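The values are calculated or read from the model by the stated rules, or taken from the named source; none is laboratory data. On a predicted model such as this, the values are computed, not experimentally measured, just so you know. Backbone-built Cβ (ideal geometry, glycine too); neighbour counts: all protein chains shown. Heads up: the accessible areas ignore ligands, DNA and RNA and are worked out on the full protein's heavy atoms, side chains in. Shrake-Rupley method; radii C 1.70, N 1.55, O 1.52, S 1.80 Å.
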Amino acid sequence: MPISFSIKGLTKLYGSGTTAVRALSDVTFDIQAGELIMLVGPSGSGKSTLLNILGGLDHATSGEVTFQGQTLTAMNDRALTAYRRKHVGFIFQFYNLIPSLTARENVDLVREIADNPLSAADALALVGLTGRMDHFPAQLSGGEQQRVAVARAIAKRPAILLCDEPTGALDLTTGVQVLDALSEINRLYKSTTLVVTHNADIARMGSRIVKFADGHIRTIETNASPAKPSELVW
Ligand code: ADP
C-alpha cells in the first residue's frame, strides 16, 4: 500500500513561556493508505491534537507532515482549507448537524463543495438510514444522528476519515452501528481512517493501535485479526 501520511518529529506547543503546554512531542510514524488506525491513551495525551493537525485544522509548532507527498506543515491556511475540502472527512463526538435541515439536506451541504460526491441517498444507504432521509435531527436518535454525520463525512469520498471519539456520546448498541458503518466504509472505499478513542476495547477493531501518553507515542501495535464492531463490548 502507498504511504498516506508521513509524520516526522511532530511537536505542538500551546501557549508560550512558563505556561506552554506540550501537546505533542516528537511524534514520528507513517500511515499507509487504507489503514484503520485507532489512537488510544488517556485524556490530554495528544490524540485530538494529532488528528487536528492531520486534518489541516491546526498548525504544528515543529516537525513535518506530508500527505501523498504534499507537505501539510508548510501550507498556509488557504492551502490547508483546499486540502481539507478535497481530502478529509471529519466525525466528532457531537454530531454538529444543522437542526433545521433534514438528514438528506445535511449531507447535501457537503456534496456541494466536492468534486465527485456520492448522492445523499447512497451515502445515507451506506449507514443504514434509507428510511430516515427526510427526518430532521430532532426526530432521530443519537446513534442515527451520528450515522447522518458519518454519511455527511463520506459523501465526498474522502481519502481520509478522521473520527474523534465518534461513539463517546452513544450507548453500546448504537455505538456498534456507528463503528460498523465506519469499518464498512474503510473496507469499501479504502479511506485512510483514524479513530480517536479513550476506550481500549473499541481499539481492537483497528489494524494498528497507536498508544499515546503525555504527547508521546508509547507503542504501536499491529493487530493481525481486527475485531468486528459487533464483537466489542464497552
Ligand atoms: P486528547 O485528545 O488525548 O484528550 P488533546 O490533544 O486534546 O488530548 O490535548 C493535549 C494537551 O494539549 C492537553 O494538555 C490539552 O489541555 C492541551 N490543549 C489542547 N488544545 C489546546 C488549546 N487550544 N490551548 C491550550 N492547550 C490545549
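One line per residue, one yes/no per condition, for (1) closer than 23 Å to A169 by Cβ; (2) over 14 Å from the mean Cα position of the chain (by Cα):
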position: S183; (1), (2): yes, no
position: R187; (1), (2): no, yes
position: V195; (1), (2): yes, no
position: I209; (1), (2): yes, yes
position: F212; (1), (2): yes, yes
position: R218; (1), (2): no, yes
position: T222; (1), (2): no, yes
position: P226; (1), (2): no, yes
position: P229; (1), (2): yes, yes
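When the range 201-234 is limited to residues that are open to solvent by 80 Å² or more (accessible area, probe 1.4 Å) and hydrophobic (A, V, I, L, M, F, W, C), the one that is nearest to the ligand (Cβ to nearest atom) turns out to be W234.
Residue-level check: of (1) open to solvent by less than 50 Å² (accessible area, probe 1.4 Å); (2) more than 16 Å from the ligand (Cβ to nearest atom); (3) under 18 Å from the mean Cα position of the chain (by Cα), A121 misses just (3).
The set of residues in the range 24-78 that are open to solvent by 40 Å² or more (accessible area, probe 1.4 Å), among the small types (G, A, S), within 14 Å of the ligand (Cβ to nearest atom) and assigned to a loop (DSSP other than H, G, I, E, B) comprises S43, G44. Inside the range 4-35, residues that are more than 20 Å from A213 (Cα to Cα) and in contact (Cβ under 8 Å) with a residue 40 or more places away in the chain make up a count of 7.
I need the full set of residues from the range 124-181 which are under 18 Å from T192 (Cβ atoms) and surrounded by fewer than 17 Cβ atoms within 10 Å (Cβ to Cβ), in order please. Matches in the range 124-181: R157 only.
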